[in-house]
1. Any idea which residue in the range 22-72 is nearest to the chain's Cα centre (by Cα), counting only those that are aliphatic (A, V, I, L, M) and surrounded by fewer than 13 Cβ atoms within 10 Å (Cβ to Cβ)?
2. Can you tell me how many residues in the range 31-72 are assigned to a helix (DSSP H, G or I) and either of a type in the set (A, V, I, L, M, F, W, C) or in contact with an Asp or Glu (Cβ under 7 Å, 6 or more places away or on another chain) (or both)?
3. Of all the residues that make up the range 31-51, how many are farther than 12 Å from TRP15 by Cβ and free of Cβ contacts under 8 Å to residues at least 24 places away in the same chain?
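Read-outs throughout are calculated quantities, based only on the coordinates presented, and are distinct from any laboratory measurement. Since the model is a prediction, treat every value here as computed from it, not as a measurement. We place every Cβ from the backbone using ideal geometry, glycine too, and count neighbours over all the protein chains shown.
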Amino acid sequence: MTSNYIKHKKAAMTWTMYVMEAVGRAKRTGIPVTLHVGKETSAMVLQEALLSLAFSGEDAAWNVHIQTHTVH
């Protein structure tokens, strides 16, 4: 395994943790949860994960929103 591969896997696990925590919070509380990110690419990764969960039957994923804060 290369260090780049390990770095990529670690980043993917971190995003997965954020998504699952937000979905769990939305499920427990019933109120929308907003994830704040700083890059468009990060927002796209999170959105794909949330859509995958929602289409797999996890209705709480629809209550997680993503807000991008880009610096220009």
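1. Only one residue fits best here, namely LEU51.
2. So the first thing to find is which residues in the range 31-72 are assigned to a helix (DSSP H, G or I), and the list is 40-55, 59-63.
Those still in the list that are either of a type in the set (A, V, I, L, M, F, W, C) or in contact with an Asp or Glu (Cβ under 7 Å, 6 or more places away or on another chain) (or both) too: 43-46, 49-51, 53-55, 60-62.
Looking only at that region, the number is 13.
3. Taking the range 31-51 and keeping what is farther than 12 Å from TRP15 by Cβ, we get 31-34, 36, 38, 40, 51.
Adding the requirement that they be free of Cβ contacts under 8 Å to residues at least 24 places away in the same chain leaves 51.
Qualifying residue count, the range 31-51: 1.
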